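See structure below.
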Amino acid sequence: MILGIGTDIVSIDRIASSMESYGYKFIDRILSDAEKSRIKEPLLDSSNISYISKRFAAKEAFAKAIGLGIGRGINFNEIAITNDANGKPSLTVPGKEEFLRSHFTVDKFKIHISISDESKYAIGYCLIEGV
């Protein structure tokens, strides 16, 4: 059973501008501790901007899929996106599983996530499945 779906697209230039204006304060608000460990200097390197843009879009898509938005029980930096050895992304919300089970009134769920970018945009898609 599908519990929620969400999608988001973000301008990579908009994320770059936020990084220029707010630096690590912006990164601390958006990325989990594990994700922050992947950021290398210089901060405004295009690979960092792409990395953060994709995660921002995916986390927004997740927020839409749960139907609560950000800040109503889950913050951006509490959502962790990792990639397996083949590059497949996965999204977890460590410590918030019980909150999500209660919200969806299910015992088990699975989060599916897809992220991509092209020169000017990053996109995230999320599907939450009750299992």
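The values are calculated or read from the model by the stated rules, or taken from the named source; none is laboratory data. What you see is a predicted model, and the numbers here were worked out from it, not measured in a lab. Heads up, the Cβs are rebuilt from the backbone with ideal geometry, glycines too, and the neighbour counts pull from every protein chain shown. Areas reflect the complete protein model, heavy atoms only, side chains present, ligands, DNA and RNA absent. Shrake-Rupley method; radii C 1.70, N 1.55, O 1.52, S 1.80 Å.
Highest mean packing comes first when the peptides 106-114, 72-80 are listed by Cβ atoms within 10 Å, giving 72-80, 106-114.
How far is helix 46-66 tilted off the main Cα axis of the chain, in degrees rounded to 10, range 0 to 90? Between the helix axis and the principal axis of the chain, the angle is about 20 degrees. Centroid-to-centroid, using Cα positions, the range 89-126 and the range 1-40 are 14 Å apart.
At 222 nm, what value in deg cm²/dmol follows for the chain if DSSP H runs of at least 4 each add -39500 (n - 2.57) and the sum is divided by all its residues, to the nearest 500?
Calculated mean residue ellipticity at 222 nm is -11500 deg cm²/dmol.
Note on LEU43 and ASP84: their simple-model spin labels are 3.5 nm apart, each label 7 Å out from Cα toward Cβ.
Think of the range 1-129 as a dipole: +1 on every Lys or Arg Cβ, -1 on every Asp or Glu Cβ, centred on the Cα centre; then among ALA16, TYR121, ASN77, ASN77 lies furthest on the positive end. In units of the rule-of-thumb radius 2.2 N^0.38 Å, the range 73-131 shows an alpha carbon radius of gyration of 1.26. Protein heavy-atom accessible surface, 1.4 Å probe, per residue over the chain: 56 Å². Solvent-accessible area assigned to carbon and sulfur over the chain amounts to 51 percent, based on a 1.4 Å probe.
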